[in-house]
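Dropping a structure here in structure tokens format, bear with me for questions.
The values are calculated or read from the model by the stated rules, or taken from the named source; none is laboratory data. Keep in mind it's a predicted model, so treat the numbers as computed, not measured. So basically every Cβ, Gly included, is an ideal-geometry build from the backbone, and we count neighbours across all protein chains shown.
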Amino acid sequence: MIVILTGGTGGAKLIEGLSHEIDPAQLTIICNTADDFVLYGLNISPDLDTIMYTLAGLSDPAQGWGIQGDTFTVLQQLEKLGGETWFRLGDKDIATHITRTRLLRAGLKLSDVTDRICDNLGIKARILPMSDDHIETRVETSEGVISFQEYFVKQHWQPEVKSVFYAGVEKSRPAPGVVEAIGSAAGIILCPSNPVTSVGPILAVPGVRNALMQVTAPVVGVSPMIGESAISGPAHRLMAAQGLEPSALGAAKNYADFLDQFVIDSEDEALTSKLETLGIGVVATSIRMKSLADKQGLARQVLALVDK
Ligand code: FO1
């Protein structure tokens with residue numbers, strides 16, 4: 001069994017590639033839930049949904065989130081009624097949030113709800129939320145503290161960021177199966193997800209980082225950075241705000257206590273010796289994933305490293 005740590009869009013691309021290269025039933029995916037929030041009374045788990053839609057063959061490849069071909073009738077009517085529409089919830093996507101909200105209110109844990117939705121969507125991989133507890137990424141900006149979705153979607157990551165923290169994480173516990181999956185994995189893959197807002201919250205759940213440090217199975221990461229910029233999104237800004245060098249090296253330093261191999265872009269090949277000084281093996285290749293062939297190609301290279 002291969003364990004994958006991921007956020008939403010960046011990780012989904014590699015996971016799509018992996019799901020074409022090995023039987024998805026071999027994959028256990030531990031997913032960030034600190035981006036989760038409530039809108040219109042609905043529990044929304046953007047990263048879980050992005051990964052679920054990807055593995056169910058429903059995802060919108062152009063946007064990287066949501067369901068392909070979805071319509072926005074509910075959102076349009078909400079706008080007429082004076083509602084906020086900065087977070088673009090599609091009609092079919094809303095069905096997921098209604099289902100999640102209904103089951104959570106009936107007393108199920110997020111991990112059970114996720115299992116149930118995955119079953120109903122015919123997903124063979126196992127998808128685990130990092131925790132069943134409420135953890136929320138908060139972004140301290142020059143204008144005050146806001147949620148990650150407000151920073152990312154509503155304000156288009158424009159405010160200056162002073163710091164990022166994960167409210168509730170200290171008292172949280174890993175969801176059932178998370179630590180066990182890490183401990184029994186044949187290999188572990190860290191997706192090219194935002195080190196601060198996607199992988200960071202997973203590692204901050206008490207017990208997770210420790211579990212990763214103890215494994216003997218290979219731990220292989222893919223850089224989310226090329227040069228000084230994130231492949232997509234604001235990772236470079238958030239890393240700088242957290243005192244991390246915004247580069248593949250900065251990302252790797254953050255994982256150095258458990259990472260065995262790091263896949264970086266060929267453009268960053270010059271970082272190889274510095275990465276090796278951290279005790280991390282390096283593979284430099286093209287890590288941009290535009291086509292399915294790119295995703296499968298990178299997945300094959302990562303699987304080869306995990307197999308060693
Ligand atoms: N991202 C956007 O940039 N704009 C949106 O309107 C938006 C809506 C949305 C709806 C459902 C969903 O599951 C995800 C959605 N995302 C949207 C993506 C998402 O918020 C971010 O990509 C992740 O939180 C970052 O990992």
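Among the residues that make up segment 274-283, is at least one of them surrounded by fewer than 20 Cβ atoms within 10 Å (Cβ to Cβ), touching a residue at least 24 places away in the same chain (Cβ under 8 Å), part of a helix (DSSP H, G or I) and charged (D, E, K, R)?
So far as segment 274-283 goes, yes, one or more of its residues are surrounded by fewer than 20 Cβ atoms within 10 Å (Cβ to Cβ), touching a residue at least 24 places away in the same chain (Cβ under 8 Å), part of a helix (DSSP H, G or I) and charged (D, E, K, R).
Could you list, in sequence order, the residues of segment 88-120 that are within 15 Å of the ligand (Cβ to nearest atom), in a loop (DSSP other than H, G, I, E, B) and surrounded by fewer than 16 Cβ atoms within 10 Å (Cβ to Cβ)?
Across segment 88-120, the qualifying residue is only Arg88.
Shifting gears a bit: Do we find that Leu271 is assigned to a helix (DSSP H, G or I) and either surrounded by fewer than 20 Cβ atoms within 10 Å (Cβ to Cβ) or of a type outside the set (Val, Ile, Thr) (or both) in this structure? Steps first, answer last, please.
On the way: assigned to a helix (DSSP H, G or I): yes; either surrounded by fewer than 20 Cβ atoms within 10 Å (Cβ to Cβ) or of a type outside the set (Val, Ile, Thr) (or both): yes.
Yes.
Any residue that is more than 17 Å from Tyr166 (Cα to Cα), assigned to a loop (DSSP other than H, G, I, E, B) and more than 16 Å from the ligand (Cβ to nearest atom) - is there at least one of those in segment 229-242?
Checking segment 229-242: not a single residue is more than 17 Å from Tyr166 (Cα to Cα), assigned to a loop (DSSP other than H, G, I, E, B) and more than 16 Å from the ligand (Cβ to nearest atom).
Something else about it: Residues to consider are Ser163, Ser193, Ser172; find the one that is part of a strand (DSSP E or B) and either surrounded by 14 or more Cβ atoms within 10 Å (Cβ to Cβ) or more than 16 Å from the ligand (Cβ to nearest atom) (or both). Quick ask: steps written out before the conclusion?
Numbers: Ser193 fails: part of a strand (DSSP E or B); Ser172 fails: part of a strand (DSSP E or B).
From the options Ser163, Ser193, Ser172, the qualifying one is Ser163.
Residues checked against (1) of a type in the set (D, E, K, R); (2) over 11 Å from the mean Cα position of the chain (by Cα); (3) modelled with pLDDT under 95; (4) away from the ligand (no atom under 11 Å from the Cβ):
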site	(1), (2), (3), (4)
Leu58	no, yes, no, yes
Ala62	no, yes, yes, yes
Asp70	yes, yes, no, no
Thr73	no, yes, no, yes
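Restricting the first residue to segment 32-58 and requiring it to be surrounded by fewer than 16 Cβ atoms within 10 Å (Cβ to Cβ), which pairs with a second residue that is hydroxyl-bearing (Ser, Thr, Tyr) meet a Cβ separation below 9 Å and a spacing of at least six or different chains?
Correct list of pairs: Val38/Thr101; Gly41/Thr101.
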